[in-house]
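Right, one structure below, let's go through it.
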Amino acid sequence: MSNIFDIVTVRADYEQGAVVIIDQTQLPGREVYLALKTPEEIWEAIYLLKVRGAPAIGVAAAYGISVCMQKVDEVDDFYREFARLKNYLASSRPTAVNLFTALERMEVALLKCQGAGVEVLKRVLREEAEAIRREDAAACRKIGEYGLSLLKPGMGLLTHCNAGHLAVSEYGTALAPIYLGREQGFGFSVFADETRPLLQGARLTAFELQKAGVDVTLICDNMTSSVMKQGWVQAVLVGCDRVAANGDTANKIGTSGVAVLAKYYGIPFYVLGPTSTIDMDCPTGKEIKIEERDPAEVTEKWYTRRMAPEGIHVYNPAFDVTSAELITAIITEKGIAYPPFRDKFRGWKECK
Ligand code: MRU
């Protein structure tokens, strides 16, 4: 059986003119790689969660715009086409800030080269996209180290959605301390919430932790309270899609309920993510745009036949916001922030 870290979540193949991703919608059953060659294919792969997880979406967008721009040969068209593609790819999903920060970073790199020839512009885009991927992978390692410093051998841990190797360039955010702990013999037992409606916990977290040899138990979302009450969970580790300046955190729908339960049972609730997920332009969670998705994900998906009456009203938000007051600590590649979070964030982001 191959190692989970042999799976490459997202990479650029400039010879093929493609962004190559593992199709996460086919996991765990099939390990299928897709070569995405057009902006439409890249947009659709992000929208349909073939590539997903906040950092992985950012890397896919950066590689995507770089790969597509390699086909533009007129310097006069270059900046206009870049702006068009940037807006288009940014419209694929609204909540994870990494999508926007990666595309903006690509634009800043390009704007620094005004007046340069087209080959230079293309090279700058290739290099910037690679730097985004490399920095993300390095950030995950550091998050793993800081996260592990808060944990003890033999702990029971609980995670929601998938914030592992598949959601980033390499290794993961919430799952990084678990992988590092495994390497160091910590012997964690992990509960993975299945994460309705798209089952990222059942399909992806259970898959990748099992493949890595971690002791993992899958539970339905409504079993979380039960396992906490029995004393089987000593810490909750989750990822993040956008962290507001006050620490309010958007993550997969269901996360805030887990945080409320953790508070009730006195269990530390840790959010793990790169500083690129902190959005200082978003003062609180109220300003975070929450994606709403197709009602069929709730009524039909995964079932052999529809499980809800035709015409029923469905509310299907993809994310929720966990209030900063429920979060014990936020762990990034730069260290650990405890409440109140804002000052630490300011230092990390070197901003107002
Ligand atoms: O809709 P998804 O699967 O992209 O949502 C992903 C999450 O909510 C993850 O927890 C988050 O992106 C952190 S990934 C390191």
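The values are calculated or read from the model by the stated rules, or taken from the named source; none is laboratory data. No experiment lies behind these values; they were computed from the predicted model shown. Virtual Cβ from ideal backbone geometry, glycine too; neighbours counted across all protein chains shown. Just so you know, the surface numbers come from the protein's heavy atoms only, side chains and all, with ligands and any DNA or RNA stripped out. Shrake-Rupley method; radii C 1.70, N 1.55, O 1.52, S 1.80 Å.
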(1) open to solvent by 50 Å² or more (accessible area, probe 1.4 Å); (2) within 16 Å of the ligand (Cβ to nearest atom) all hold for Cys161 apart from (1)
For segment 286-321, the count of residues that are within 23 Å of the chain's Cα centre (by Cα) and either in a loop (DSSP other than H, G, I, E, B) or under 23 Å from Val168 (Cα atoms) (or both) equals 17
Note: among Thr275, Thr299, just one is under 21 Å from Ile143 (Cα atoms) and open to solvent by less than 20 Å² (accessible area, probe 1.4 Å), namely Thr275
Filtering segment 306-343 down to residues that are among the basic types (Lys, Arg) and touching a Ser or Thr at 6+ places or on another chain (Cβ under 9 Å) yields Arg306, Lys334
I'd like to know if segment 253-272 contains one or more residues that are over 21 Å from the mean Cα position of the chain (by Cα) and β-branched (Val, Ile, Thr). yes
For segment 265-316, the count of residues that are within 14 Å of the ligand (Cβ to nearest atom) and acidic (Asp, Glu) equals 5
When every residue in segment 15-29 that is surrounded by fewer than 16 Cβ atoms within 10 Å (Cβ to Cβ) and more than 19 Å from the chain's Cα centre (by Cα) is compared, the one farthest from Gln200 (Cα to Cα) is Glu15
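Rundown of residues vs (1) buried (at least 21 other Cβ atoms within 10 Å of the Cβ); (2) part of a helix (DSSP H, G or I); (3) within 16 Å of the ligand (Cβ to nearest atom), yes/no style:
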residue	(1), (2), (3)
Leu89	yes, yes, yes
Ala102	yes, yes, yes
Met106	yes, yes, no
Cys113	no, no, no
Val120	no, yes, no
Val124	no, yes, no
Glu130	no, yes, no
Glu135	no, yes, yes
Ala138	no, yes, yes
Of those in segment 191-230 that are in a helix (DSSP H, G or I) and basic (Lys, Arg), the residue surrounded by the most Cβ atoms within 10 Å (Cβ to Cβ) is Arg203
Looking across segment 234-264 at residues that are of a type in the set (S, T, N, Q) and closer than 18 Å to Arg93 by Cα, the single one that is farthest from the ligand (Cβ to nearest atom) is Thr249
Heads up, the strands (runs of 3 or more DSSP E) in segment 5-74 (entirely inside) with at least 2 residues that are under 20 Å from Glu135 (Cβ atoms) and modelled with pLDDT of 95 or more are 10-13, 18-22
Inside segment 168-190, the number of residues satisfying the requirement of being part of a helix (DSSP H, G or I) and either in contact with a Leu (Cβ under 8 Å, 6 or more places away or on another chain) or assigned by TED's automatic domain parsing to the domain that holds Ala62 (or both) is 5
The condition of being open to solvent by 10 Å² or more (accessible area, probe 1.4 Å) and in the same structural domain as Arg93 (by TED's automatic domain parsing) holds, among Ala60, Ala12, only for Ala12
